[in-house]
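Each reported figure results from applying straightforward, stated rules to the coordinates on display, with no laboratory input. Just so we're clear, the structure is a prediction, and the values are computed from it rather than from any experiment. With ideal geometry, Cβ positions are generated from the backbone for all residues, glycine too; neighbour counts draw on all protein chains shown.
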Amino acid sequence: MKANATSSGRMAACNPNSPTSDLPASGRTDLSHPGLISHPTLTPSVQVQILSAVDATGSASISDIIAELPGHDDPVSAVFALVAAGALVVLSEGIIDAHTVLARRLPSDQSGDLVPVDPAPSPAPSRESLEDQLAAVQWTDFVADAEAELPPELVQVPASSLQPRILRGSGRHRAAFKYAPGLQQPGVYIQLCGSEAYVGFGGDVGFRIAMGKQMDALPDTILVITDANNSLSEEDVLALERILWAYVSDDADFTVVNKQPDGAPISVERYDQLVQFTAQVVLALRQGGIMFLEGSVRQRLAGPRAEPDRLGAVRPLDSIPEGRVMELNYRGLTALAAERDDGTWLLLRGSDVRIDTVKSASANASFQRAAWLHSGLLELAEDGSCYVLMRDVVFSSGSAVGHFVSGSKGFGLSCWQPIDPDDCEIDALAL
């Protein structure tokens, strides 16, 4: 029986196992292997280039593949010839465009459902390895039931369940982050371009990275950080963004190009857990040779004591700061600050800081309390009535100082009163 002749490229692509084609001679490729797909836009070299671009990270956008075929007349048709032949599958939904992501199609069973590729058969395990596996299973079962088996005299101390999951990719493949499993949740990210760094967050962090353009140039590297248990709230990642920003700002190899994030209202306990989480990220990136390479491990894990340019210079015990010294009395507490010639204010050590913040206060008031309690810049007063500042700290204005110490927006610049430089209260704060 004579086969139906066709010159359609699409029909040829749908028959990848056929070594022959009735295509015109000008567009025909003579195939020597059934794994090569016959199509006028595909040569063996082009097929290999496209599949190599996809295999580099497990997926690739159409724009990524086009970039790999600079001399090709119709690279998009070549891509969809591989799709029609069943070699590639489209991961993105909706209209096909430059951001559409493709990946390899897995082998299918007889029902047509996709199934994982079976690995090569492993050698039969030795007696010793079987014993090791049995011991591991028994120990796992014991650990899983440990809490239920505890005697009544023992209780388990709660610990943070946060566990970072870090993915790395290039800026050229940023579209792949949108569809990567586990990134459709709150998280933070770092983009690196040369010696510049950008720190951000997203409620759907994979989508945020894929669709955003945070840096002027295409990043060399994108790092995305989520919790393996998906237990970070959006408030958590807002606070985590500011914590991570401070750590990256302290890395001598990079300059952070975005301004300080706002953070979020956060408890001291949750702040401590997020810092522990960040330290695990820092250790992983250091051991991977990516970031945080300068200094000791201890320095990098501890992080900076305060954000850049926040700590005042260490003053001798009997020294009074430069500038006009001002006093704020509020709710039975007192704070002293120096208004400096450059317009900034220096909140002086020994000042009282209200423990609680009101709901109308900005996120900064709550976040900074947690951060400075963590680093030791704040300590609880002996009578428990307030916190006490342990070092001079810089603020942008008198209103910002008043907002922080009072935990309320009701104590602005007009509430500060100048005091005599010889006042004994200044002497007391200098000690």
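Sort VAL155, VAL237, VAL275 so the one with the fewest other Cβ atoms within 10 Å of its own Cβ comes first.
Ranking VAL155, VAL237, VAL275 by Cβ neighbours within 10 Å, fewest first, gives VAL155, VAL275, VAL237.
Taking one equal scatterer on every alpha-carbon of the stretch 324-430, how large is log10 of I(q)/I(0) by Debye at q = 0.14 1/Å?
These q points yield log10 I(q)/I(0) values of -0.48.
Along the positive direction of the dipole of the stretch 164-302 (beta-carbon charges: Lys, Arg +1; Asp, Glu -1; about the Cα centre), which of GLN280, VAL248, TYR179 reaches farthest?
TYR179
Which part of the stretch 149-185 falls in the paramagnetic zone of GLN287, meaning amide N under 13 Å from the point 7 Å along Cα-to-beta-carbon?
From the stretch 149-185, the list is 164, 166.
How much FRET efficiency would the formula 1/(1 + (r/R0)^6) give for GLU382 and ILE95, where r is the Cβ-Cβ distance and R0 is 60 Å, rounded to 0.05?
0.35
For SER362 and ARG331 in one chain, what is 0.36 nm times their gap in residues minus the Cα-Cα distance, to one decimal in nm?
9.2 nm
Placing unit charges on C-beta atoms (Lys and Arg positive, Asp and Glu negative, everything else neutral), compute the dipole magnitude of the stretch 324-430 about its Cα centre in debye, rounded to 20. Write down the numbers at each step before the final one.
Values: 9 positive and 15 negative charges, 137 e Å.
That gives a dipole near 660 debye.
Using the count of nearby Cβ atoms within 10 Å as a rough guide to exposure, how do TYR247, TYR179 rank from fewest to most? Show your work: numbers first, answer last.
Details: TYR247 24, TYR179 18.
Taking fewest neighbouring Cβ atoms as first place, the list is TYR179, TYR247.
Please rank THR221, THR278, fewest neighbouring Cβ atoms within 10 Å first, as an exposure proxy.
Least to most surrounded, the residues fall as THR221, THR278.
Please go through the stretch 268-341 and write out the GluC sites (Glu not before Pro) that DSSP classes as loop and that have at most 16 other C-beta atoms within 10 Å.
Answer in residue order: GLU294, GLU322.
Taking the alpha-carbon set of the stretch 256-304, what are its Rg and Dmax in Å?
Spelled out, the Cα radius of gyration and Dmax of the stretch 256-304 are 12.5, 33 Å.
Which trypsin sites (Lys or Arg not before Pro) in the stretch 254-336 pass both tests, a DSSP loop state and at most 16 other beta-carbon atoms within 10 Å?
LYS259, ARG305, ARG331
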